[in-house]
Structures are given as structure tokens and as C-alpha cells.
Amino acid sequence: MSPDSAPSSFIQGPFAPGMMMRTPRRTITDGDFSAIVNVTWESGPLHTDDVYMRDSPFRQRILGGPCLIAMAAGLTSATMYASWDAAGLDCHAALGIDEIRYVAPVFTNDTIHVEIVVLELRPTPGGSGLVGVVGDTVRKQDDRIVMTMKRSYLLKSK
């Protein structure tokens with residue numbers, strides 16, 4: 001697909017630069033916390049040792065950054081696929097995650113959601129698809145930002 005052949009409904013439609021989406025919320029239970037720490041092997045004392053963390057500035061275990069990336073990706077999945085589908089697009093690949101910033105800690109029983117903003121939509125070099133770039137802002141129950149990142153996807157018309 002060349003830049004000139006991108007469908008106008010796509011450019012102005014359900015997945016266009018400036019569009020903002022919000023995911024459902026999810027409370028991170030102790031079981032969720034333990035499961036994601038175990039599956040990612042985030043086994044440092046910051047994430048696994050209550051006694052060690054008691055004397056830290058956080059006073060309790062914190063969720064590891066890679067764990068939060070995985071949770072954010074999971075929370076955004078249904079929202080992103082619905083938006084792509086409504087725009088007549090299929091996601092063919094995740095291209096990368098950039099500019100990750102951990103802003104505040106996440107603890108057991110925090111409730112998070114993700115705000116997704118479509119930042120960019122450009123043709124691939126060969127013109128056979130589009131690269132979509134989104135900015136994610138992960139917030140917890142008090143609306144505090146806990147993480148930001150950008151993600152890129154290879155999208156093609158259905």
C-alpha cells in the first residue's frame with residue numbers, strides 16, 4: 001500500500017493519529033503478582049522478599065518493570081485488536097517497544113489501566129503495509145502514572 005493509496009476511512013477512522021483509547025482496569029492480586037514474577041524470573045529481593053523490602057523506601061515488594069510491560073500488553077490487547085479490526089486492519093507483527101520509563105512503583109492490590117494514544121501511522125518502506133506507533137501510559141487507581149512506553153506494529157489491510 002503506498003501513502004497515496006491508504007484508505008481515507010483508515011486515515012480518519014478508528015485507528016488514526018491522535019486517537020485515544022482506554023483499557024479496562026485490573027487489580028493486581030497477590031496471585032497475579034506471584035505468577036508474573038515467577039514466569040519472568042524477576043527473582044530479585046525487590047520483587048520477592050517482604051523482609052528485605054520492609055526497610056526500603058517502598059516498605060513492600062514492588063512489581064518488576066518487565067512484569068509491568070507484560071501486564072500492560074495484556075491489558076491493551078483486546079482494545080488494540082478491536083480498533084484495528086474496526087479500521088479494516090490486521091496486525092502482522094509487533095515491531096518494538098521503545099522509550100520505556102518507570103515512573104512510580106506498583107504493589108500488590110494496585111489497580112491499573114492503560115491509556116493508548118495513536119502517535120503515528122506511516123507506510124512501510126515497500127508500501128505493502130503500515131507501521132502504527134502508539135504511546136502507552138499506565139496509571140493506577142489514584143490516576144498516578146506508573147509507566148510510559150511506545151510500541152510499534154506492522155499493520156496490513158484485511
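The values are calculated or read from the model by the stated rules, or taken from the named source; none is laboratory data. Remember, it's a predicted structure, so these values are computed and weren't measured experimentally. No Cβ is skipped: glycine too gets one built from the backbone with ideal geometry, and neighbour counts run over all protein chains shown. Surface accessibility is based on the protein's heavy atoms, side chains included, excluding ligands, DNA and RNA. Shrake-Rupley method; radii C 1.70, N 1.55, O 1.52, S 1.80 Å.
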* To do: Do me a favour and compute the ellipsoid semi-axes for the range 20-144 from its Cα gyration tensor, root of five times each eigenvalue, largest one first, whole Å.
  => 32, 15, 13
* Quick one: how many Å² of Leu95 are accessible to a 1.4 Å probe, rounded to 10? -> 100 Å²
* **Loop-resident sites, the range 34-87, for chymotrypsin sites (Phe, Trp or Tyr not before Pro), counting at most 14 other Cβ within 10 Å (DSSP)** => Trp41, Phe58
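Over the range 38-158, what is the mean sequence separation of C-alpha contacts under 8 Å (at least six apart), divided by residue count, expressed as relative contact order in percent?
For the range 38-158, the relative contact order is 26 percent.
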* Kindly report the accessible area of the chain per residue (heavy atoms of protein chains, probe 1.4 Å, no ligands, DNA or RNA), in Å². => 53 Å²
* **Most to least accessible of Lys140, Lys150 (protein chains only, probe 1.4 Å)** => Lys150, Lys140
* Structure fact -> Residue span Arg54 to Arg101: 0.36 nm per residue of separation minus Cα-Cα distance leaves a gain in nm of 14.5 nm
* Separation in nanometres of the label points that stand 7 Å from Cα toward Cβ, at Val39 and Lys158 -> 2.7 nm
* Structure fact -> For the chain, longest principal axis from Cα atoms; helix 30-40 axis from its Cα atoms; angle between them, nearest 10 degrees, is 70 degrees
* In degrees, nearest 10, range 0 to 90: what is the angle between the Cα axis of helix 65-86 and the longest Cα principal axis of the chain? -> 30 degrees
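Report, in deg cm²/dmol and to the nearest 500, the calculated mean residue ellipticity at 222 nm for the chain, where each DSSP H run with n ≥ 4 adds -39500 (n - 2.57) and the sum is divided by the residue count. Each step should come with its number before you reach the end.
Details: 5 runs with 47 residues, N = 158.
Calculated mean residue ellipticity at 222 nm is -8500 deg cm²/dmol.
In the chain, what percent of the accessible surface is made up of carbon and sulfur (1.4 Å probe, ligands and nucleic acids excluded)? Could you put the intermediate results ahead of the total?
On the way: 4430 of 8310 Å².
Answer for the chain: carbon and sulfur cover 53 percent of the accessible area.
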